[in-house]
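Only one structure is covered here, and it is reproduced in the block below.
The values are calculated or read from the model by the stated rules, or taken from the named source; none is laboratory data. Nothing here was measured: the structure is a model prediction, and the numbers come from that model. Glycine also receives a Cβ, built like all others from the backbone with ideal geometry; neighbour counts cover every protein chain displayed.
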Amino acid sequence: GVVHRSDELVVPRARVGRVPVGVSSRRLRIVVTGGAGFVGSHLVDRLIERGNDVIVIDNFFTGRKENLVHLFGDHRFELIRHDVVEPILLEVDQIYHLACPASPVHYKYNPVKTIKTNVMGTLNMLGLAKRIGARFLLTSTSEVYGDPLEHPQKETYWGNVNPIGERSCYDEGKRTAETLAMDYHRGAGVEVRIARIFNTYGPRMCLDDGRVVSNFVAQAIRKQPMTVYGDGKQTRSFQYVSDLVLVNGLMALMDGEHVGPFNLGNPGEFTMLELAEVVKQTIDPSATIEFKPNTADDPHMRKPDISKAKELLNWEPKISLRDGLPRMVSDFRNRILNEDESKGI
Ligand code: NAD
Ligand code: UDP
Ligand code: UDP
């Protein structure tokens, strides 16, 4: 006969989380760790726009409430001041795990904390994902390739990383985070997604972030020389933030069927001297440069091969450096002006 159990109508949360996720129709509950930061706050905007409920977890190390203040009062939005190094109990469908300082200046400031954030923070978020059956996306980095001996970098490349250098807290931290994600995937069946993000720039980057695009733009606006480290011949590939977030890179990865890792970046490659030239043409034709010693273990070149993301996620960036830079300049100008006003300059 038919046996009725009292809990039959209750679908365990774990199974709800495992239902393949429709992109826009369902009202999903989503955690974004590091959601008060540069990339995270843009992602949160998109998720809220899409109609999802979003919980941001952030300890405000490099993030700012200002990045999210326009969402305060929205019933779909919740902000929790919390450090991911500590465990947390929540019930959600998806976890975007971004919490980690991204600028070399910030991640070297307290390297042990950076490692703890990458290892214990990622472990906690994976433990959470396992308990509640949520899907988990890690924002890893092109830094896992270190100072690459393969160019451009494909996802199959294992990298060339110094395990004991000044950048290791970040590079090795992210490599371990990827390892943890794959081990929870294989061992505990957690649905994971891994993005390897390449240098990204845009509005809401910290003014004192220390990364090259924010430095050059802020310096050119303040009429200070742009600081080129080393000989300026090292290369990077710069992606405008809306290509990563708005053009659905991270969301397509989360909602799709492929684990990754996927390179998400703009293949346009520039030396730092070329970047300085573009900033000069965009902001101030009289801008000058000043050479400074380079930092230890600085990768000589970096450029993503994005064929895998093109093929499997149908994703590719649309905005070139020349088109993207002007879009961050007005945000930087306003914030620099406000800073000056509050200092009485
Ligand atoms: P960001 O510094 O603006 O944002 C990081 C956020 O994480 C901040 O809001 C910070 O307060 C928060 N955070 C840091 N440690 C935390 C902790 N222990 N607990 C809780 N919150 C914590 O940096 P971003 O550029 O927005 O980067 C976001 C993610 O993307 C990072 O994981 C970064 O490694 C990755 N990424 C970024 C880039 C890029 O160029 N922006 C490139 C590769 C990878
Ligand atoms: N964790 C968490 N929230 C949860 C479940 C787990 O923060 O809802 C943390 C937990 O404290 C642990 C980590 O995630 O430190 C890994 O959890 P897991 O269950 O995989 O391992 P275990 O607790 O058995 O070490
Ligand atoms: N860089 C520079 N001037 C600056 C900041 C950085 O020339 O004011 C160089 C740095 O040495 C590196 C490149 O720009 O070669 C990118 O540095 P960034 O810190 O933006 O990111 P990374 O890719 O190294 O994580």
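Brief remarks on what is shown
- In the condition set (1) of a type in the set (Asp, Glu); (2) touching a residue at least 60 places away in the same chain (Cβ under 8 Å); (3) out of contact with any helix residue (DSSP H, G or I) (no Cβ under 6 Å at 6 or more places or on another chain); (4) over 25 Å from His82 (Cα atoms), Asp209 is compliant with all but (4).
- Tally of residues being out of contact with any Pro (no Cβ under 9 Å at 6 or more places or on another chain) and exposed (fewer than 14 other Cβ atoms within 10 Å of the Cβ) across the range 321-338: 6
- Among the residues of the range 212-235, the one identified as surrounded by 23 or more Cβ atoms within 10 Å (Cβ to Cβ) and not in a helix (DSSP H, G or I) is Met226.
- In the range 80-108, the residues that are away from ligand 1 (no atom under 11 Å from the Cβ) and at pLDDT 95 or above: Pro87, Leu89, Leu90, Glu91, Val92, Asp93, Gln94, Ile95
- Scanning the range 159-201 for residues that are in a loop (DSSP other than H, G, I, E, B), within 26 Å of Ser214 (Cβ to Cβ) and over 15 Å from the mean Cα position of the chain (by Cα) returns Gly159, Val161, Asn162, Gly165, Glu166, Arg167.
- Residue that is nearest to ligand 3 (Cβ to nearest atom) [pool: residues in the range 216-249 that are of a type in the set (S, T, N, Q) and touching a Ser or Thr at 6+ places or on another chain (Cβ under 6 Å)]: Thr235
- Residues that are within 21 Å of Asp183 (Cβ to Cβ) and either acidic (Asp, Glu) or in contact with a Leu (Cβ under 8 Å, 6 or more places away or on another chain) (or both) within the range 88-127 comprise Ile88, Gln94, Ile95, Tyr96, His97, Leu98, Val119, Thr122, Leu123, Leu126, listed in sequence order.
- Flag for Glu316 being surrounded by fewer than 20 Cβ atoms within 10 Å (Cβ to Cβ), within 22 Å of the chain's Cα centre (by Cα) and either among the charged types (D, E, K, R) or at pLDDT 95 or above (or both): yes
- Residues (more than 14 Å from ligand 1 (Cβ to nearest atom) and out of contact with any Leu (no Cβ under 7 Å at 6 or more places or on another chain)) located in the range 173-191: Thr179, Met182, Asp183, His185, Arg186, Gly187, Ala188, Gly189, Glu191
- Checking every residue in the range 139-158 against the condition of being under 16 Å from Tyr107 (Cα atoms), touching a strand residue (DSSP E or B) at 6+ places or on another chain (Cβ under 8 Å), assigned to a helix (DSSP H, G or I) and within 16 Å of ligand 1 (Cβ to nearest atom) gives at least one match.
- Some residue of the range 96-112 being touching a residue at least 40 places away in the same chain (Cβ under 8 Å) and of a type in the set (Lys, Arg): yes
- The range 34-89, residues that are closer than 21 Å to Gly249 by Cα and small (Gly, Ala, Ser): Gly34, Gly35, Ala36, Gly37, Gly40, Ser41, Gly51
Quick grid of which residues meet (1) modelled with pLDDT under 95; (2) of a type in the set (Phe, Trp, Tyr); (3) within 16 Å of ligand 2 (Cβ to nearest atom):
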{"residue": "Pro225", "(1), (2), (3)": "no, no, no"}
{"residue": "Val228", "(1), (2), (3)": "no, no, no"}
{"residue": "Gln234", "(1), (2), (3)": "no, no, no"}
{"residue": "Gln239", "(1), (2), (3)": "no, no, no"}
{"residue": "Asn248", "(1), (2), (3)": "yes, no, no"}
{"residue": "Leu253", "(1), (2), (3)": "no, no, no"}
{"residue": "His258", "(1), (2), (3)": "no, no, no"}
{"residue": "Phe262", "(1), (2), (3)": "no, yes, no"}
{"residue": "Phe270", "(1), (2), (3)": "no, yes, no"}
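- Any chance Glu290 is farther than 25 Å from Lys108 by Cβ, surrounded by fewer than 19 Cβ atoms within 10 Å (Cβ to Cβ) and away from ligand 2 (no atom under 16 Å from the Cβ): no
- When the range 181-211 is filtered for residues that are surrounded by fewer than 19 Cβ atoms within 10 Å (Cβ to Cβ), hydrophobic (A, V, I, L, M, F, W, C) and within 16 Å of ligand 2 (Cβ to nearest atom), the ones remaining, listed by number, are Met182, Ala188.
- Of residues in the range 59-91 being surrounded by 22 or more Cβ atoms within 10 Å (Cβ to Cβ) and touching a strand residue (DSSP E or B) at 6+ places or on another chain (Cβ under 7 Å), the one nearest to Ala129 (Cα to Cα): Val84
- Hits in the range 140-160 (condition: buried (at least 24 other Cβ atoms within 10 Å of the Cβ) and among the charged types (D, E, K, R)): Glu143
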